[in-house]
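Accompanying notes for the structure given below.
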Amino acid sequence: MAHRSATVLAVDPGTSFGLCVLRGEEVLFLGSAELTALTPSGRLDDLWDWLFQMAAWRPELLVLEGYSFNRQGKGSFTLAEFGGVIKLFAGAASWKILLVAPQSLKKFVVGRGSGGKGAAKVEKVEVALNVMKRWGVEVTTEHQADAYGLARLGMNVLVPGFETLTVPQREVVAVYGVKIEEAGGKVTLK
């Protein structure tokens, strides 16, 4: 059974992405990066290398922000490829995977769901401000803020009673905790 020293890896995927590794309350890694290789396969290789580095912390759970279904265009295909590489790596490493909808992440960090069309940029700033205010963690990009929020959500799913939660946070944790149990602790789908 997981305990307070459990380790969670969280990924906010994209060509600009965020990564966070938490072991209990300790932030082992919090960063963001750009996948700048000139070819699509080069970017996927670079992502694999980042995941390989994160594997050194031996996380029990990978928390991945799910796809935004409002997103259109060729960027959505790239995001899907990144998600596929991340899931493939997690499977090879035998990590549990928790796929979190963007609206659920926002509710967990900010306390309410999405504001609808056109609110995305404001909401990203709101998430970053809430991460800094609630947990005292300094973030320099929206991707770091998302990754940290995902890691906290994952830690609360993995370790019941990890921290005192607000009502909206308890609602989100309850939904995703059930998904992990229903999947036998392996993989959850949205």
Can you sort Leu88, Leu28 by 1.4 Å-probe accessible area, starting with the largest?
Leu88, Leu28
I want to check the label-to-label distance for Leu88 and Ala56. Put each point 7 Å from Cα in the C-beta direction and report it in nm to one decimal.
2.4
Under a 1.4 Å probe, counting only protein heavy atoms, Arg170 has an accessible area in Å², nearest 10, of 130
Want the number for Gln103 to Leu38: 0.36 nm per residue separation, take away the alpha-carbon distance, what's left?
20.2 nm
Please sort 123-132, 29-38 by packing, taking for each peptide the average over its residues of neighbouring beta carbons within 10 angstrom, highest first.
123-132, 29-38
Explain nothing, just the number: relative contact order of the stretch 1-51, from Cα pairs under 8 Å at least 6 residues apart, as a whole percent.
25
Arrange the peptides 140-147, 156-163 so that the one whose residues have, on average, the most other Cβ atoms within 10 Å appears first.
140-147, 156-163
May I ask you to rank Glu25, Glu65, Glu171 by accessible area, largest first, using a 1.4 Å probe over the protein chains only?
Glu25, Glu171, Glu65
The FRET efficiency for Glu26 and Asp49, from their Cβ-Cβ distance with R0 = 25 Å and rounded to 0.05, is 0.55
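The values are calculated or read from the model by the stated rules, or taken from the named source; none is laboratory data. Keep in mind it's a predicted model, so treat the numbers as computed, not measured. Using ideal geometry, Cβ is built from the backbone for each residue, glycine included, and neighbour counts are taken over all protein chains shown. For accessibility, only protein heavy atoms count, side chains too; no ligands or nucleic acids. Shrake-Rupley method; radii C 1.70, N 1.55, O 1.52, S 1.80 Å.
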